[in-house]
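We did not get these values from a lab; they are worked out from the coordinates using the rules stated. Note that the coordinates shown come from a computational prediction; the quantities given were computed from them, not determined experimentally. Cβ coordinates were reconstructed from backbone atoms using ideal geometry, including for glycine residues, and neighbour counts include every protein chain displayed.
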Amino acid sequence: MKFSVAVSLLVSAVAEAHYTFPSIGNSADWQYVRTTVNFQSNGPVTSVNSEEMRCYERNPGSGAPGIMNVTAGSGISYNAKSSISHPGPMAFYIAKVPAGQTAATWDGKGKVWSKIYQDKPTLGGSMTWPSQGARSVTVTIPRCLQNGDYLLRAEHIGLHSAQSAGGAQYYISCAQISVNGGSGTYSPKNLVSFPGAYPATDPGVMINIYYPIPKSYRAPGPDPETC
């Protein structure tokens with residue numbers, strides 16, 4: 001009995017250390033964000049070769065109930081639950097939904113994702129991350145986007161156990177948005193696919209962040225695009 005209770009407490013503690021990205025703006029959980037596999041466990045994706053690297057969907061093909069209308073050039077808060085508890089980089093990618101589909105039906109496959117946001121650590125006596133401990137991170141939707149439906153992908157990488165390949169933890173979800181007011185001149189230079197954007201041995205995801213403390217850091221994937 002005592003052993004069973006101890007195991008239950010350990011599982012609970014592990015779940016609390018992990019997190020999800022279930023909402024954008026002031027919306028309800030999973031209203032505009034596709035329900036992820038970890039909606040109860042909070043556990044991460046651990047293989048960069050997994051199809052779950054795209055949107056970590058619990059039920060691929062089902063989509064979220066709604067599509068949020070957003071204005072190009074405005075900021076959207078992408079919310080973590082309960083908070084981003086691990087050290088590591090935060091990034092956002094966006095992908096234009098092709099004609100004939102909507103943000104609720106498209107699967108996001110192929111080299112269609114461009115990075116629009118990437119944070120960086122502060123280096124010195126330790127590596128500190130601007131997103132660690134945050135309950136939400138705000139991303140600006142590029143003012144030069146074409147109008148229409150998009151998938152907005154949040155990706156936080158936990159690097160606390162990333163000393164060897166496969167040790168990094170990926171916390172991912174995709175929001176469904178419809179952009180208006182864009183200039184239509186967006187022309188990304190580097191489109192990537194998920195999986196496929198970077199390998200498990202990329203120095204941005206296979207790294208000891210504690211000792212020796214890195215003197216430099218480059219996040220995995222392409223550089224963020226600009227208008």
A correct Stokes-Einstein calculation for the chain, using the alpha-carbon Kirkwood radius, 37 °C and 0.692 mPa s, returns a whole-number D in µm² s⁻¹ of 183
Percent relative contact order for the chain, counting Cα pairs under 8 Å at least six residues apart, stands at 26
Of all chymotrypsin sites (Phe, Trp or Tyr not before Pro) in region 172-227, the ones in DSSP coil with at most 12 other Cβ atoms within 10 Å are none
Phi angles of region 63-79, converted by Karplus (6.51 cos²θ - 1.76 cosθ + 1.60, θ = phi - 60°) into ³J(HN,Hα) in whole Hz with x for Gly and Pro, give x, 8, x, x, 10, 7, 7, 9, 9, 4, x, 8, x, 10, 8, 9, 9
Checked against a 26 Å limit on the C-alpha separation, the offending pairs among Lys109/Lys189; Lys120/Lys189; Lys81/Lys115; Lys81/Lys111 are Lys81/Lys111
Placing each pseudo-label 7 Å from Cα in the direction of the beta carbon, Thr46 and Asp29 end up separated by a distance in nanometres of 2.3
Interchain or sequence-distant (5+) residues whose placed amide H lies within less than 5 Å of the amide H of Ser173 are Ala154
For region 55-170, averaging the sequence separation of alpha carbon pairs under 8 Å that lie six or more residues apart and dividing by its residue count, the contact order in percent is 37
Under the rule rounded for a/c under 1.5, else prolate if a/b exceeds b/c, else oblate, using alpha carbon gyration tensor axes a ≥ b ≥ c, region 16-69 is classed as oblate
With Cα coordinates, the longest principal axis of the chain makes an angle with the long axis of helix 2-17, in degrees rounded to 10, of 40
